[in-house]
Amino acid sequence: MEVIKAGKGGPASADGQLCEAVGAIVEDVRRHGDEALVRYGRKFDGSPRERMRVLPEEVEAACREVSGEELEDIRRAAENIRRFAEAQRGALREIPEFSPIPGVFLGHRVIPVQSCCCYVPGGSYPLYSTALMLAIPARTAGVKRVVACSPVMKGTGSIHPKTLAALSVAGVDEIYAIGGAQAIAAFAYGTERIAPVDLIVGPGNRYVAEAKRQCYGQVGIDFFAGPSEVLILADAAADAGLIALDLLAQCEHDPTARGTVVTTDRALAERVVAEVERCLETLETAEIARRSWEDYGEILLAGSMDEAVAVANDRAPEHLEIHVENPGDLMDSLYNYGSLFLGPYTAEVFGDYASGTNHTLPTLRAARYTGGVWVGTFLKVCTHQRLTQEGMASLAPLVSRLARGEGLIAHANAAEGRLERYGACGTEGSGTASWVSRTAGRYLRLSPG
């Protein structure tokens, strides 16, 4: 593997200073509730708000500020996201009863969490598309209480109108004008005016990410997210100009975003470098994109497509684009990615906004063990079982032996007691009492002590 353009190593994990600062915010919110939220709103955002919850009339006013065309665009994107979420939900089948042996009936239910908070970032841009990506799958899953929060525009007490409009289209029940680590703490532990939730989803800055990490366990989270990533696999037939555009689409997110190209063609690698520089000359967001590209952008020359695929699987990128002839041929070889984009027509930005898949995806190699936010993020698969007398009599001797083998005598007694009370129903031995006595005596003699 030859490095055509090198980037820095991955972003460092949370340092002690960040952990301490976030921990102090979380504890402050736990102790002082709404008073702490108001204080942090003024300190970090210059917000004059005393109540964090957004009133319906504020949402209505925001929707009037959004143009008809913009509102229609939001609705069209929402419909694609909703339809795909409904298809995903339909693929999750419940198992009412499955019988591995006579008299034993097992099953599972697919149950939505009761409440969730969708964290919609504000930051440099109003990321109102994230409102759709989080709230629509939650609503489709059947979550009873779908809450959202988002930071206010700096120096104001208001969330960006487009974000409020998107949250309205998505069908959110409650909206709160709050962001940062303090928002995560508020929805994890609750305050006087904010009821806690069962699950928090959504991206944010490093303070938000660290707060999610610290509050995990008290509340569920989707995953621990870092800066955005794209990795592009390309061969000689790829379009260097389109690759450059897709790289910069990631780079403009954040100075620590990472864009990587792994190609089997040296000439293409060199063209990509030139195209990125050319595009940066006129890009309005070049200040951020250039820092990202110069510090974290990479171009690697692989000896073969197999080697390129191995790099992709090892990196486990958030977004993985395939710019090769017959891109579908690589699908079976690729298994670590947040979302996959096949062919030159399939820009990653289509998934960011409106194709219907979710753009809230794992970063920092988390795609090795999880996918992105989807309707299943808001669902629990919970098992149940029911035994007849026949099934109990069949399983009890086995369970008794296994339990006594582990030295858990009360476990064994719970199985044996049912045989004694309800009858052996034709199991080994000449009667329940004799079987229990015989088995218990044998294992008690062998047990330590």
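Counted residue by residue at 0.36 nm each, then reduced by the alpha carbon distance between them, the extension gain from residue 294 to residue 310 reaches 3.3 nm.
Given a Förster radius of 35 Å and the C-beta distance between residue 61 and residue 287 as r, what FRET efficiency does 1/(1 + (r/R0)^6) yield to the nearest 0.05? Present the calculation step by step, with values, prior to reporting the outcome.
Numbers: r = 33 Å, r/R0 = 0.94.
After rounding, the FRET efficiency stands at 0.60.
Available extension along the chain between residue 76 and residue 345 is 94.8 nm, counting 0.36 nm per residue and deducting the alpha carbon span. The relative contact order of the range 48-222 comes to 24 percent, based on Cα pairs under 8 Å that sit 6 or more residues apart.
Annotation: the chain has a Kirkwood hydrodynamic radius of 25.1 angstrom, from the mean reciprocal C-alpha pair distance.
Please report the relative contact order for the chain, taking Cα pairs under 8 Å with a sequence separation of at least 6, and give it as a percent rounded to a whole number. Can you show the working numbers first?
Numbers: 869 pairs, mean separation 83.0, N = 449.
Worked out over the chain, it gives 18 percent.
Compactness of the range 91-201 was expressed as the Cα radius of gyration divided by 2.2 N^0.38 Å, which yields 1.36.
Ordering 5, 43 from the fewest to the most neighbouring beta carbons within 10 Å gives 43, 5.
Across the options 267, 413, 301, the greatest Cα extent toward the positive end of the charge dipole of the chain (unit charges at beta carbon of Lys, Arg, Asp, Glu) belongs to 413.
Using the alpha carbon gyration tensor of the range 184-242, what are the three equivalent-ellipsoid semi-axes (square root of 5 times each eigenvalue), largest first, in whole Å?
Values: eigenvalues 287, 19, 18 Å².
The answer is 38, 10, 9 Å, longest axis first.
For the range 105-182, a crude dipole built from +1 on the beta carbon of Lys and Arg and -1 on the beta carbon of Asp and Glu, taken about the Cα centre, is about 100 debye to the nearest 20.
Name the residues whose placed amide hydrogens come within less than 5 Å of the amide hydrogen of residue 200, ignoring near sequence neighbours (fewer than 5 apart) on the same chain. Here the answer is 117, 220, 221, 222, since their amide H atoms fall under 5 Å of that of residue 200. Taking the number of Cβ atoms within 10 Å of each Cβ as an exposure proxy, the fewest-first ranking of 66, 261 is 66, 261. Packing order of peptides 349-355, 241-247, highest average first: 241-247, 349-355 (average count of other Cβ atoms within 10 Å over each peptide's residues). The label-point distance for residue 267 and residue 329, in a model that sets each label 7 Å from Cα toward Cβ, rounds to 1.9 nm.
Ranking 158, 113, 136 by how far each Cα lies toward the positive end of the dipole of the chain (charges on Cβ) leaves 113 at the top.
Charge dipole (Cα centre; +1 on Lys/Arg Cβ, -1 on Asp/Glu Cβ; no other charges) of the chain amounts to roughly 2480 debye. I'd like the GluC sites (Glu not before Pro) in the range 287-381 restricted to DSSP loop residues with at most 11 other Cβ atoms within 10 Å, sorted by number. Sites meeting the loop and neighbour criteria: 325.
Counting alpha carbon pairs within less than 8 Å and at least 6 residues apart, what relative contact order, in whole percent, applies to the range 227-371? Spell out each step's value before the answer.
Working: 293 pairs, mean separation 40.1, N = 145.
Relative contact order for the range 227-371 comes out at 28 percent.
Helical runs (DSSP H, four residues minimum) scored at -39500 (n - 2.57) apiece and divided by the length of the chain put the mean residue ellipticity at 222 nm at -14500 deg cm²/dmol. With the chain treated as a Gaussian network of Cα nodes joined by springs under 10 Å, which of 403, 77, 237 yields the largest mean-square fluctuation? Top of the fluctuation ranking is 403.
We did not get these values from a lab; they are worked out from the coordinates using the rules stated. Values in this document were obtained by computation on a predicted structure and should not be read as measured data. No Cβ is skipped: glycine too gets one built from the backbone with ideal geometry, and neighbour counts run over all protein chains shown.
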